[in-house]
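The values are calculated or read from the model by the stated rules, or taken from the named source; none is laboratory data. Bear in mind that the values here come from a model prediction, so they are computed numbers and not experimental data. We place every Cβ from the backbone using ideal geometry, glycine too, and count neighbours over all the protein chains shown.
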Amino acid sequence: MNLGVLRVKFCKILSLLSSGFSVLLILAALYVIVCSYREAGQGEPFFLFGWKPVVVLSNSMEPTFTSGKIILIKEKEGSPEVNDIVMFSQKKFGLNEYVTHRIVDKDEGGYITKGDANNCEDPGRLQEKDIIGTVKFILF
């Protein structure tokens with residue numbers, strides 16, 4: 001084969017890879033839009049096929065993940081265990097706030113959670129009904 005033929009094949013392969021990556025990005029963007037739209041209507045987290053992307057807003061879980069990272073939450077199935085990183089609902093000033101912290105212990109009062117970067121545990125005990133899902137992947 002001459003150099004010209006190799007160059008053409010290489011360009012076609014790069015073009016296909018680029019197109020495939022673009023399609024994946026578009027699908028990911030659509031997924032995020034659908035989840036956000038459904039959440040706005042329902043007032044609670046929406047899982048599409050049992051998964052939900054979440055943008056991290058604080059550094060309380062450093063070094064595991066930092067602010068600005070996108071994590072993928074799997075909808076709750078069964079009871080979480082100690083050391084699982086969970087997303088849970090927390091009432092603050094009458095509104096639901098969603099927090100993603102690690103379960104560090106469990107006692108008769110419920111789950112004890114803490115951000116990896118925090119010096120102390122979260123106040124109170126987390127009840128299983130307040131747990132929404134578990135972090136499975138850190139995407140970006």
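Structure data summary
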read-out: The stretch 105-123 residues that are among the aliphatic types (A, V, I, L, M), paired with ones that are outside any loop (DSSP other than H, G, I, E, B) (beta carbon under 6 Å, 6 or more apart); value: I112/V104; I112/D105
read-out: All positions within the stretch 107-130 that are closer than 21 Å to S67 by Cα and of a type outside the set (S, T, Y); value: K114, G115, D116, A117, N118, N119, C120, E121, D122
read-out: Only one of S67, S60, S22 that is more than 24 Å from K91 (Cβ to Cβ), at pLDDT 85 or above and among the hydroxyl-bearing types (S, T, Y); value: S22
read-out: E77, sole failed condition from (1) surrounded by 11 or more Cβ atoms within 10 Å (Cβ to Cβ); (2) in a loop (DSSP other than H, G, I, E, B); (3) not hydrophobic (A, V, I, L, M, F, W, C); value: (1)
read-out: Output for the stretch 102-131, where each listed residue is under 21 Å from F46 (Cβ atoms) and touching a Lys or Arg at 6+ places or on another chain (Cβ under 6 Å); value: I131
read-out: Matching residues in the stretch 27-47 - criterion: being in a helix (DSSP H, G or I) and in contact with a Lys or Arg (Cβ under 7 Å, 6 or more places away or on another chain); value: C35
read-out: Enumeration of residues in the stretch 48-62 that are part of a loop (DSSP other than H, G, I, E, B), among the hydrophobic types (A, V, I, L, M, F, W, C) and surrounded by fewer than 16 Cβ atoms within 10 Å (Cβ to Cβ); value: F49, L57
read-out: Residues of the stretch 29-47 satisfying the condition of being modelled with pLDDT under 80 and within 13 Å of L72 (Cβ to Cβ); value: Y31, V32, C35
read-out: Per-region count, the stretch 108-125, residues within 20 Å of V54 (Cα to Cα) and part of a strand (DSSP E or B); value: 2
